[in-house]
1. Name the helices (runs of 4 or more DSSP H) wholly inside the range 77-163 in which the number of residues that are acidic (D, E) is 2 or more.
2. For the range 54-68, give me the residue count where each residue is within 13 Å of the ligand (Cβ to nearest atom), assigned to a helix (DSSP H, G or I) and within 23 Å of A38 (Cα to Cα).
3. If we keep just the residues of the range 90-100 that are over 11 Å from the mean Cα position of the chain (by Cα) and open to solvent by less than 10 Å² (accessible area, probe 1.4 Å), which is farthest from the ligand (Cβ to nearest atom)?
4. Could you list, in sequence order, all residues of the range 164-185 that are assigned to a helix (DSSP H, G or I) and surrounded by fewer than 15 Cβ atoms within 10 Å (Cβ to Cβ)?
5. I'm checking my understanding of the structure. Among residues of the range 32-53 that are without any contact (Cβ under 8 Å) to a residue 60 or more places away in the chain and part of a loop (DSSP other than H, G, I, E, B), which one is farthest from the ligand (Cβ to nearest atom)?
6. Based on what the data block shows, is I126 touching a Gly at 6+ places or on another chain (Cβ under 6 Å) and touching a residue at least 24 places away in the same chain (Cβ under 8 Å)?
7. Being surrounded by 17 or more Cβ atoms within 10 Å (Cβ to Cβ), in contact (Cβ under 8 Å) with a residue 60 or more places away in the chain and more than 14 Å from the ligand (Cβ to nearest atom) is the filter here, so list the residues in the range 101-122 that pass it.
Amino acid sequence: MRPGAAPRRRTAAPHGQASQIRNALGGRSIVLIGLMGAGKSAIGRRLATALDLPFVDADAEIEAAAGQSISDIFAEHGESYFREGERRVIARLLRGGQMVLATGGGAYMCEETRVTIKDRGMSIWIKADLPVLLARVARRDNRPLLQNGDPAEIMQDLMRTRHPVYAQSDLTVESRDVPHDTIVAEIMTALASRPAPARPDVAE
Ligand code: S3P
């Protein structure tokens, strides 16, 4: 230390907070769930940076495994084929070490996937209101479920059927029209004050 320099105070620096959260997770991954347009990928990417963990997007992994876009998988093979691939890809990813994983909106509706996530992850529901979801999904036309009908009606139906299931997640965070970094900071605070659920450590 320079003579006369004040000793550096230990604060709850993001770095310390990140390693505290990672340790509390005991090897488990953070798994983001929620409806289309909730911001799972954008928030997940930033959360992974904040936690110094790899970020993985399940939809992108499904597309890579299939060598096709999700729209093409739906169009050529149908939804149940997509769901089967989704289940397999998420199980494989969650066996592969600690990460922040963003899942597609339907993934958590599969009971087997919910069990895998419970065993190997900590689930966070990124919850958003209908207007926020609709504004975000309107930016792209890459979501086959919204192509056949009025997106607002489809989304409301999905909210009715999926929200009670999403509510089984370990943590819920309200996503709204604020910068994604605000949501990430809220998640970090929630994780730091409420560590992972009491489950045995996951071996890598
Ligand atoms: C789906 C959500 C999409 C994608 C697929 C089906 C769903 O992912 O997996 O179009 O069932 O809600 P996002 O939630 O990332 O848009």
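1. In the range 77-163, the matching helices (runs of 4 or more DSSP H) lie at 79-94, 111-120.
2. Residues that pass the stated criteria total 6.
3. For the range 90-100, the residue satisfying everything is L94.
4. Correct list: P164, D181, T182.
5. Going through the qualifying residues, I end up with D52.
6. Criteria met by I126.
7. I117, K118, R120, G121, M122
The values are calculated or read from the model by the stated rules, or taken from the named source; none is laboratory data. Predicted, not measured: the structure shown is a model, and the values here were computed from it. Please note: Cβ atoms are built from the backbone with ideal geometry, for glycine as well, and neighbour counts cover all protein chains shown. Accessible surface is based on the protein model in full, side chains and every heavy atom, while ligands, DNA and RNA are left aside. Shrake-Rupley method; radii C 1.70, N 1.55, O 1.52, S 1.80 Å.
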